[in-house]
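Just below is one structure, and these are the notes that go with it.
The values are calculated or read from the model by the stated rules, or taken from the named source; none is laboratory data. Please read all numbers here as calculations on a predicted model, not as lab measurements. FYI the Cβ positions are ideal-geometry reconstructions off the backbone, even for glycines, and counts take in every protein chain you see. In case anyone asks, the SASA skips ligands and DNA or RNA and just uses the protein heavy atoms, side chains included. Shrake-Rupley method; radii C 1.70, N 1.55, O 1.52, S 1.80 Å.
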Protein chains: 2
Amino acid sequence: MISAAAQRLEGYARRTPLLSSPFLDEIAGRRVFVKAECLQHTGSFKFRGAWSAITSLPKGARGVIAFSSGNHAQGVTYAAGLRGLPALIIMPRDAPAIKIANTRALGGEVVLYDRTREDRDVLGAALAAERGLELIQPFDHAQVIAGQGSVGLEIAEQARAEGVDEAQVLVCCGGGGLTSGIALALERQAPQMQVRTVEPEGFDDVAQSLATGQVVENPTRSGLCDAIVTPRPGKLTWPILQRLCGPGLVVSDSDALRAMVLAHNRLKLVLEPGGAVALAAALFHPGQISGAAVIVTASGGNVDRAVLQSAFAQGDGDAAR
Amino acid sequence: MISAAAQRLEGYARRTPLLSSPFLDEIAGRRVFVKAECLQHTGSFKFRGAWSAITSLPKGARGVIAFSSGNHAQGVTYAAGLRGLPALIIMPRDAPAIKIANTRALGGEVVLYDRTREDRDVLGAALAAERGLELIQPFDHAQVIAGQGSVGLEIAEQARAEGVDEAQVLVCCGGGGLTSGIALALERQAPQMQVRTVEPEGFDDVAQSLATGQVVENPTRSGLCDAIVTPRPGKLTWPILQRLCGPGLVVSDSDALRAMVLAHNRLKLVLEPGGAVALAAALFHPGQISGAAVIVTASGGNVDRAVLQSAFAQGDGDAAR
């Protein structure tokens, strides 16, 4: 399924570069390779899964619906638009302004709901039934996982071209769609690579689930790393994560902000906090990682100006900016 | 020479992506493709020419010397380091702090001079003779032009993959090394493409030279777009520019800053002002450009924080950030 999804993505998704910098290597104490999915269409890897799912819809599909804090929304809207299908997006009212605005600008119809008082599933089901729309789940969807897995195929090829066959692969992890897709791709294509999840403090449901062997839920629901703030691993993704990934890594919001600044200065990449946690783990928790090289996903770059400014204000602990 | 340089660059230079965004297309009124050379090693295209020149040195070369306001310095230092050669860089005292610091951190020996009172050529010649170093000119060097030309080969291939065979190609232009290299590459590989220079106001020596048919010199010597502030086109580059390029475009510093913000928001790229002028021309001077698609180089991303902040403060005239 991953290979088939990668074929459908050919000519539509970007083959994002695998970047590096001697400055980052020095901080991490090993070579660091950064899979720059923030350069993907709509600024995150989410386009891949969305395109994979939408190009697998039954004939006669009338449109799609998605629940999303933002990146999945943009990916689904853009992919649907390329196929000439309408996209209805159910989004929390407190999602970053840039993500709401971009989804609308890409042609999506956005319906906002209150995270604390409304049940988005009930709301979505009613709208889907009323209009005959197909639901594209953000991670618990086999074709979405297959599409995200194309990142893993590219990592295997690009790392090999850099002479790297063996490495830990750190993946920014929310519900686990990207992580499980990459893990499945690498299991076949680069079995010497070990996929590890990275989450922000307070939202380490996957790390705890991996550690205890059973699904653990986060008590809190919103945070700086909004793109990967999910209550628990998915029904489809959890068995894959449990079989192939771990141990999970956890970084602070402050680590994520510092990693954003370093990606900015050293790689010329704009990252959002949730897209920077894997790089943060590589840079600031080197003692928890092994091997001469580490590969990280930089999974998204849709950051509000205020958050970026707070990252700059905090600084990066790096002398030469 | 360009093909041979491209072969020597294989596995060393990054094949940078050709990016686009529907938001930029809408502003420009046509498709805009951005060759993201800010993602090249050391944050600008300069590594290509430096590597091309350094891998062409006679056997027994003892090291290299370069004059540079910064990007060429970093490219030469990094390329020399990869070949195990020392690099001595003569840099103006008022070069951006980040460029001086990065050149030193990459292992270069930096000698600062005063632009207004010292003759860098006399200084450099003495140091080169004393230590037996080979001079790598920033643009008036055939192998440097050949290396930069590899950008043109990639543009031809990547544009074709996007279905674009015919387009104006806007290049951020200082001394003309990148522009003439790209123009020579496209003359052979994509003859339907027309290369046009883009310069900042007050430093439009190439545009004026192309318009009048003879070399015109700029009166001023420093400006916001420091990477491309050169007094006149080069001796080697001018005949190539005259034969293949034009008419030249000119943008304001304010246009360059707005383009930086849009590249940041829409492409997730960090650009420096001199690396953003071509995008600025495409976005804000569409009436001076023809065709359904335009290709621009985003040639560097080594920007001081203060300049980036002033760009953010100025804004981008774009509603959704």
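Modelled label positions at A:ARG62 and A:ALA313, each set 7 Å beyond Cα in the direction of Cβ, lie 4.8 nm from each other.
The same position B:GLU187 in the other copies lies at 5.6 nm from this copy, comparing label points 7 Å beyond Cα toward the beta-carbon, shortest first. For the protein assembly as shown, a/c is not less than 1.5, where a ≥ b ≥ c are the root eigenvalues of the C-alpha gyration tensor, and a/b tops b/c. That puts it in the prolate class. The C-alpha atoms of chain B define a longest principal axis, and helix B:120-131 lies at about 50 degrees to it.
Beta bridges from DSSP with both residues in the protein assembly as shown: antiparallel share about 10 percent, rounded to the nearest 5.
Between A:GLU26 and A:GLU130, the FRET efficiency estimated from the beta carbon spacing at R0 = 60 angstrom works out to 0.60.
Using a ≥ b ≥ c from the Cα gyration tensor of the stretch B:46-135 (square roots of the eigenvalues), is it rounded, prolate or oblate, where a/c under 1.5 gives rounded and otherwise the larger of a/b and b/c decides, a/b for prolate? The shape class here is oblate.
Rounded to the nearest Hz, the phi-derived 3J(HN,Hα) couplings of the stretch B:215-225 under the Karplus curve 6.51 cos²θ - 1.76 cosθ + 1.60 (θ = phi - 60°) are 5, 10, 9, 6, x, 9, 10, 9, x, 4, 8, where x marks glycine and proline.
Residue by residue, the stretch B:298-307 carries 3J(HN,Hα) couplings of 10, 8, x, x, 8, 10, 5, 4, 4, 5 Hz when phi is fed to the Karplus relation 6.51 cos²θ - 1.76 cosθ + 1.60 (θ = phi - 60°); x denotes Gly or Pro.
Rounded to the nearest 100 Å², what is the sum over both chains of accessible area buried where A meets B, with a probe of 1.4 Å?
2700
When only the Cβ of Lys, Arg, Asp and Glu is charged (+1, +1, -1, -1), the dipole of the protein assembly as shown relative to its Cα centre reaches about 820 debye. Across peptide A:260-267, the average count of Cβ atoms from other chains found within 10 Å of a residue's Cβ is 3. Burial annotation for the stretch B:4-24: residues with an accessible-area loss of at least 20 Å² between the isolated chain and the complete set of protein chains, computed on heavy atoms with a 1.4 Å probe, are B:ARG14, B:PRO17, B:LEU19, B:SER20, B:PRO22, B:PHE23.
The dipole here belongs to the stretch A:241-307: it is taken about the Cα centre, uses +1 on the Cβ of Lys and Arg and -1 on the Cβ of Asp and Glu, and is about 180 debye. Protection proxy ranking, highest mean first, for peptides B:122-134, A:237-249: A:237-249, B:122-134, where packing is the per-residue count of other beta-carbon atoms within 10 Å, averaged.
Taking amide H as placed 1.01 Å from N in the peptide plane, B:VAL294 has its amide H under 5 Å from the amide H of B:ARG31, B:VAL32, B:PHE33, each at least 5 places away in sequence or on another chain.
For the stretch B:4-50, GluC sites (Glu not before Pro) are listed when DSSP marks them as loop and at most 11 other Cβ atoms sit within 10 Å of their Cβ; the list is B:GLU10. Within the stretch B:103-144, list the residues whose amide N lies under 13 Å from a label point set 7 Å along Cα→Cβ of B:ARG93. Answer for this model: B:112-119. Which shape class, rounded, prolate or oblate, goes with the stretch B:163-280 when its Cα gyration tensor gives a ≥ b ≥ c as root eigenvalues, a/c under 1.5 marks rounded, and past that a/b bigger than b/c marks prolate? Oblate. With 30 Å as the limit, write out which pairs from A:LYS35/A:LYS59; A:LYS35/A:LYS235; B:LYS59/B:LYS268; A:LYS59/A:LYS235; A:LYS235/A:LYS268 have Cα-Cα distances beyond it, or answer none. Pairs exceeding the cut-off: A:LYS35/A:LYS59; B:LYS59/B:LYS268; A:LYS235/A:LYS268. Taking the label point 7 Å along Cα→Cβ, B:ARG115 and its counterparts in the other copies are spaced 4.8 nm apart, in ascending order. Database remark: amide H of B:GLU134 closer than 5 angstrom to the amide H of B:ARG62, B:GLY63, B:VAL64, B:ILE65 (H placed geometrically; neighbours at sequence offset of 5 or more, or on other chains; Pro and chain starts carry no H).
Helix A:142-161 and the longest principal axis of the Cα set of chain A meet at an angle near 30°.
Calculated accessible area for the stretch A:46-135 comes out at 42 Å² per residue, all protein chains present (probe 1.4 Å; ligands, DNA, RNA ignored).
Of the solvent-accessible surface of the protein assembly as shown, computed with a 1.4 Å probe over protein heavy atoms with every protein chain present, carbon and sulfur atoms account for 49 percent.
Using a Förster radius of 60 Å, what is the FRET efficiency between B:ARG188 and A:ASP140 based on their Cβ-Cβ separation? Nearest 0.05, please. The pair B:ARG188/A:ASP140 has a calculated efficiency of 0.70. Each other copy holds its own label point for B:PRO239; taking that point as 7 Å from Cα along Cα to Cβ, the gaps run 7.1 nm, nearest first. The slack between B:ALA101 and B:ASP165, meaning 0.36 nm per residue of separation minus the straight C-alpha distance, is 18.9 nm. For the stretch A:16-27, putting each phi into the Karplus relation 6.51 cos²θ - 1.76 cosθ + 1.60 with θ = phi - 60° gives couplings of 6, x, 9, 9, 7, 8, x, 5, 5, 4, 5, 5 Hz, in residue order, rounded to whole numbers and with x for Gly and Pro.
The residues of the stretch B:1-42 expose, per residue, 40 Å² of accessible area to a 1.4 Å probe.
Solvent-accessible surface, computed for protein heavy atoms with a probe of 1.4 Å, shrinks by 30 Å² or more for the following residues of the stretch A:35-58 when the other protein chains are added to the isolated chain: A:LEU39.
Given the -39500 (n - 2.57) contribution per DSSP H run of 4+ residues, what per-residue ellipticity at 222 nm results for chain A, rounded to the nearest 500 deg cm²/dmol? List each step's numbers first, then the result.
Working: 13 runs with 138 residues, N = 321.
Value at 222 nm, helices only, nearest 500: -13000 deg cm²/dmol.
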